[in-house]
Amino acid sequence: MFLEERQAKILEILTINGKVLVKELAEMFNVTEDSIRKDLAALEVAGQLRRTYGGAVTIKEKLQMTEAQRRRINSVDAKRKIAAAAVKIISPNDLIFLDTSTISIAIAEILEKKDAPYKIITNMVDVLVMLARNPHINIIFAGGQINKSRDGFCDGLNLEFMAKFRPDISFIGVVGVDVKKNSLTSYDIDSGIHKAKILSISKNSYIMAESGKFGVEANYKFATLENVRGIITETKIDDENFKALQDLNLEIILPEIRD
């Protein structure tokens, strides 16, 4: 189990019970009590809980902050595979836009370790913080009024700023990809409007979607599949959806499979 997944499970238990004990968690996850203490310390720094003697308890916090944390630690392995596949199709000569998506964080984790002079524009705070550490990367930050549930900016001020740019490649997160209904959807209306604008100004756009998002339809449709060049996912798509995407002339990008 990945560190992020264990911490996510700890938060689930905490939500149900209101408190957790170090000893019980160590036995449950078959790790040392010291490992659990480090997990609780990291979650306390992130504002997710309050440590007590022998464990931790819940704290009152705004819903949008818990949502941002939940998105960050969900489907970690799939997001890393998608990020690795995305990085393979970019070059230092491209201007790359990274959307307010937790997969964008996974992409930033890869780029942060590279020496190449990548050119990145983003509206996500975490991506800015990570890539600003790399002196080789030229990063442009698109600000505005923060949307805390997205850890970034997708308001009118941000759209006005982004309208001046023409990214070579944009990587866009999504809540749902319904191939049969030809829809790309989001729950957040402001975020959906922002994604649609990015698609319209980009030379090439790729949707980043874990396999579990196929067949899902959220409340706000921000684009159709014809608006993108391709889709990046972590595993083979079923035959029906694969053929439908091919009929639309979309690229289907998967991570490399190693024996």
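Quick notes on this one:
- Taken over region 14-27, the criterion of being part of a helix (DSSP H, G or I) and under 14 Å from residue 56 (Cβ atoms) is satisfied by 14, 15, 16, 17, 22, 23, 24, 25, 26.
- Test: residue in region 167-188 that is within 20 Å of residue 86 (Cβ to Cβ) and surrounded by fewer than 19 Cβ atoms within 10 Å (Cβ to Cβ): yes
- Complete set of residues in region 94-111 that are in a helix (DSSP H, G or I) and either more than 10 Å from the chain's Cα centre (by Cα) or of a type in the set (Asp, Glu) (or both): 108, 109, 110, 111
- For residue 116: the one exception among (1) in a loop (DSSP other than H, G, I, E, B); (2) surrounded by 17 or more Cβ atoms within 10 Å (Cβ to Cβ); (3) not basic (Lys, Arg): (2)
- Taken over region 189-202, the residue count meeting the criterion of being hydroxyl-bearing (Ser, Thr, Tyr) and either modelled with pLDDT of 95 or more or more than 23 Å from residue 83 (Cβ to Cβ) (or both) is 2.
- Near pairs, Cβ below 8 angstrom, 6+ apart or cross-chain, from region 21-37 (open to solvent by 80 Å² or more (accessible area, probe 1.4 Å)) to any residue that is at pLDDT below 95 and part of a loop (DSSP other than H, G, I, E, B): 23/54
Yes or no, residue by residue, for (1) farther than 17 Å from residue 192 by Cβ; (2) open to solvent by less than 10 Å² (accessible area, probe 1.4 Å); (3) not polar (S, T, N, Q):
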| residue | (1), (2), (3) |
| --- | --- |
| 107 | yes, yes, yes |
| 128 | yes, no, yes |
| 144 | no, no, yes |
| 151 | no, no, yes |
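- Only residues that are assigned to a strand (DSSP E or B) and either closer than 24 Å to residue 190 by Cβ or open to solvent by less than 20 Å² (accessible area, probe 1.4 Å) (or both) were counted in region 204-257, giving 11.
- Taking region 38-57 as the range and being in a loop (DSSP other than H, G, I, E, B), in contact with a Leu (Cβ under 9 Å, 6 or more places away or on another chain) and surrounded by fewer than 14 Cβ atoms within 10 Å (Cβ to Cβ) as the test, only 54 passes.
- So residue 8, is it surrounded by 15 or more Cβ atoms within 10 Å (Cβ to Cβ), at pLDDT 85 or above and within 25 Å of the chain's Cα centre (by Cα): yes
- Among residues of region 80-123, those that are farther than 12 Å from residue 137 by Cβ and among the basic types (Lys, Arg), counted: 3
- Within region 225-237, residues that are among the polar types (S, T, N, Q) reach partners that are surrounded by 20 or more Cβ atoms within 10 Å (Cβ to Cβ) and in a loop (DSSP other than H, G, I, E, B) with beta carbons closer than 6 Å, at six or more positions or on different chains, in the pairs 233/209.
- Restricting region 117-128 to residues that are more than 11 Å from residue 90 (Cα to Cα) and touching a Pro at 6+ places or on another chain (Cβ under 8 Å), the residue that is modelled with the lowest pLDDT is 117.
- The lone exception for residue 91 - which of (1) closer than 28 Å to residue 114 by Cα; (2) of a type outside the set (Phe, Trp, Tyr); (3) surrounded by 13 or more Cβ atoms within 10 Å (Cβ to Cβ); (4) modelled with pLDDT of 85 or more it fails: (3)
- Flag if residue 164 is assigned to a loop (DSSP other than H, G, I, E, B), out of contact with any strand residue (DSSP E or B) (no Cβ under 9 Å at 6 or more places or on another chain), at pLDDT 95 or above and open to solvent by 40 Å² or more (accessible area, probe 1.4 Å): yes
The values are calculated or read from the model by the stated rules, or taken from the named source; none is laboratory data. Everything numeric in this text was worked out from a predicted model, so none of it was measured. Every residue, glycine among them, receives a Cβ derived from its backbone with ideal geometry; neighbour counts consider all protein chains shown. When the accessible area is computed, the model is the full protein with side chains, heavy atoms only, and any ligands, DNA or RNA have been set aside. Shrake-Rupley method; radii C 1.70, N 1.55, O 1.52, S 1.80 Å.
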